[in-house]
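The values are calculated or read from the model by the stated rules, or taken from the named source; none is laboratory data. This one's a predicted model, so the numbers in the text were calculated from it and none came from an experiment. Cβ atoms come from the backbone with ideal geometry, glycine included; neighbour counts cover every protein chain shown. Keep in mind that these areas ignore ligands, DNA and RNA; they rest on the heavy atoms of the full protein, side chains included. Shrake-Rupley method; radii C 1.70, N 1.55, O 1.52, S 1.80 Å.
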Amino acid sequence: MTLPDVVLVVGVSGSGKTTVARLLADRLGRPFRDADEFHSAANRAKMAAGHALTDSDRAPWLEAIGEWMDREIAARRPAVVTCSALTRDYRDRLLAGRPGVCLVYLHGSRDLLRSRLAARHSHFFPAELLDSQLADLQEPEPDEHPLVVEIDQTPESIVAAVLSLMRREPASGGLPSGSVPERAVVHEEPSVTPSPTGTQWQLTRDGQSAVVAQLGGALRAYAVNGRALLDGFSAESAITGGRGQLLAPWPNRVGGGRYRFGGREHQLPLTEPEKNNAIHGLLRWTLWSLLARTDDAVRVGTTLCPQPGYPFLLEVSAEYRLGTEGLETAIFATNSGTGQAPYGVGQHPYLTVGTDLVDTALLTVPARYRLRTDDHGLPIGQEPVDDTAYDFRTERPIGDLRLDTAFTGLDRSPGGRAVVRLAHPSGLRGVDLWLGDGTRYVQVYTGDTLAEPERRRRGVAVEAMSCPPDAFRSGTDLTALEPGATHVLRWGLSPWGTP
């Protein structure tokens with residue numbers, strides 16, 4: 001086994017870079033350097049005062065780290081070094097022309113990172129700067145060949161995972177071209193029985209199971225100890241009602257399918273002709289590719305090529321991961337084109353707590369406003385939910401209320417999450433759908449207009465959305481994705497209670 005010349009451990013503050021890198025260096029019998037050692041006194045003072053560093057502040061710092069790596073490589077002294085290297089440009093400066101450097105990326109949730117930083121009292125980096133780091137962070141892309149390890153485990157387990165990946169991968173530390181790294185990559189066997197939604201990827205962990213379909217990268221099922229928490233679809237069925245589907249590059253509707261962006265008019269196909277709308281994006285009926293998989297996680301992706309009505313180029317991927325708190329989902333979109341691209345995203349799972357109809361289920365939606373809509377389902381105004389039938393800030397039964405409603409003004413926890421809860425009438429169990437990074441709106445739909453009468457009001461669609469309906473026309477919270485930039489939307493499911 002040939003190991004890399006230098007191991008570069010990257011991640012935001014609080015990810016455990018120093019601890020992991022030092023342990024890794026000990027296991028490999030190599031010298032270790034922390035990137036903080038390369039900072040100037042002025043940089044240290046600036047960060048200690050709570051001010052984020054600028055690119056010009058970091059330039060000599062990155063140069064010093066690169067020069068040190070060059071000296072170690074030239075002297076044939078294998079080593080381990082840390083660096084936050086938040087952006088692609090920073091990593092390129094450290095990796096370009098150094099093929100013997102292996103990139104290790106330590107990934108963790110905002111909540112976990114914040115709690116770790118809050119517990120540190122002697123470090124010069126204050127917890128308040130975490131948000132600025134996360135805002136700057138551009139997660140490593142496949143062509144950087146990173147080894148990605150989650151930090152929600154002991155440092156010893158993280159080091160063991162890194163060593164396992166190194167021993168399986170080429171000396172450069174890279175994964176095979178076109179794949180995205182995980183804790184381990186499992187080759188997928190083709191389905192024996194053809195499915196109308198393509199290959200089915202099943203994830204399992206600690207009594208949890210989830211299934212992702214190749215068609216549209218849709219989330220088909222999620223269950224805990226055999227109890228279904230999604231009103232999904234079977235492997236033998238077609239997808240109807242948008243069940244579990246990813247909605248990109250826009251969620252919900254575009255009125256008339258016509259919008260203006262970049263000084264040009266664009267006309268999308270009308271995929272909801274009865275209401276004269278373009279609905280739910282362009283990727284629902286595309287077969288997505290497997291990028292990486294473990295027993296408890298999968299990453300799938302596709303390319304959205306320029307086409308009539310949307311002449312932009314995006315690389316889109318979705319990662320599903322079963323963790324200790326439930327199912328975590330992250331949807332990534334990178335603009336691979338040469339100009340700005342309009343972008344919004346959402347996902348359309350239907351929740352269930354086992355009731356025959358949703359009428360008796362208890363719903364909580366932590367939102368202060370709802371969007372009023374016209375007969376075409378397009379927003380015509382925003383109003384407070386106070387003293388209306390749409391105020392679900394306190395848990396109550398859905399009853400006979402027909403919901404196909406977008407909510408905003410989300411109340412969030414200190415960790416930045418808003419939580420929509422669906423509970424069994426007993427109040428003893430249920431499922432929380434949390435809305436994380438990139439989510440500004442949530443659509444709640446009780447399925448009253450589904451094409452199949454037998455499926456109506458059997459589950460509650462709770463759709464995390466980055467923008468409201470008709471954002472392509474209104475521009476409200478629409479993302480103008482710059483060339484090379486990546487948008488991330490995160491949401492997840494957390495089961496609770498007893499059967």
Measure out, as a whole number of angstrom, how far apart the alpha-carbon centroids of the stretch 246-312 and the stretch 1-63 sit.
-> 40
Give me the accessible area of GLU395, 1.4 Å probe, in Å² rounded to the nearest 10.
-> 80
For the stretch 314-358: rounded, prolate or oblate by the Cα gyration tensor [a/c cutoff 1.5] = oblate
In percent, how large is the relative contact order of the chain, given Cα pairs closer than 8 Å and 6 or more residues apart?
-> 12
For the ASP375, ASN225 Cβ pair and Förster radius 35 Å, calculated FRET efficiency rounded to 0.05 is 0.20
From highest to lowest solvent-accessible area (probe 1.4 Å; ligands, DNA and RNA excluded), THR197, THR54 read THR54, THR197
Where in the stretch 381-396 is the amide nitrogen less than 17 Å from a point lying 7 Å along the Cα-to-Cβ axis of THR360?
-> 396
What does the accessible area of ILE151 come to, in Å² to the nearest 10, when a probe of 1.4 Å is used?
-> 0
State the three equivalent ellipsoid semi-axes of the chain, derived from the C-alpha gyration tensor as the square roots of 5 times its eigenvalues, in descending order and whole Å.
-> 41, 24, 23
Honestly the stretch 263-419 on the Cα gyration tensor test (a ≥ b ≥ c root eigenvalues; a/c under 1.5 rounded, otherwise a/b vs b/c for prolate or oblate) is just oblate
Residue separation times 0.36 nm, minus the C-alpha to C-alpha distance between ASP295 and ARG412: what's the value?
-> 39.0 nm
Just by accessible area at a 1.4 angstrom probe, what is the order of GLU272, GLU452 from largest to smallest?
-> GLU452, GLU272
In percent, how large is the relative contact order of the stretch 388-459, given Cα pairs closer than 8 Å and 6 or more residues apart?
-> 31
Amide H of PHE261: which non-local residues (sequence gap of 5 or more, or other chain) have their own amide H closer than 5 Å, using H built in the peptide plane?
-> HIS266
Can you pull the percent of Cα pairs in the stretch 202-268 with separation above 14 Å?
-> 66
Looking at the square roots a ≥ b ≥ c of the eigenvalues of the Cα gyration tensor of the stretch 1-121, which shape do they give, rounded for a/c under 1.5, prolate if a/b is larger than b/c, or oblate?
-> oblate
How much accessible area does LYS46 have with a 1.4 Å probe, in Å² rounded to the nearest 10?
-> 60
For the chain, dividing by residue count, accessible area per residue (probe 1.4 Å) in Å² works out to 41
In the stretch 1-116, what percent of the accessible surface is made up of carbon and sulfur (1.4 Å probe, ligands and nucleic acids excluded)?
-> 51
Once amide H atoms are placed 1.01 Å from N in the peptide plane, what residues at a sequence separation of 5 or more from THR479, or on another chain, have their amide H within under 5 Å of its amide H?
-> TYR343
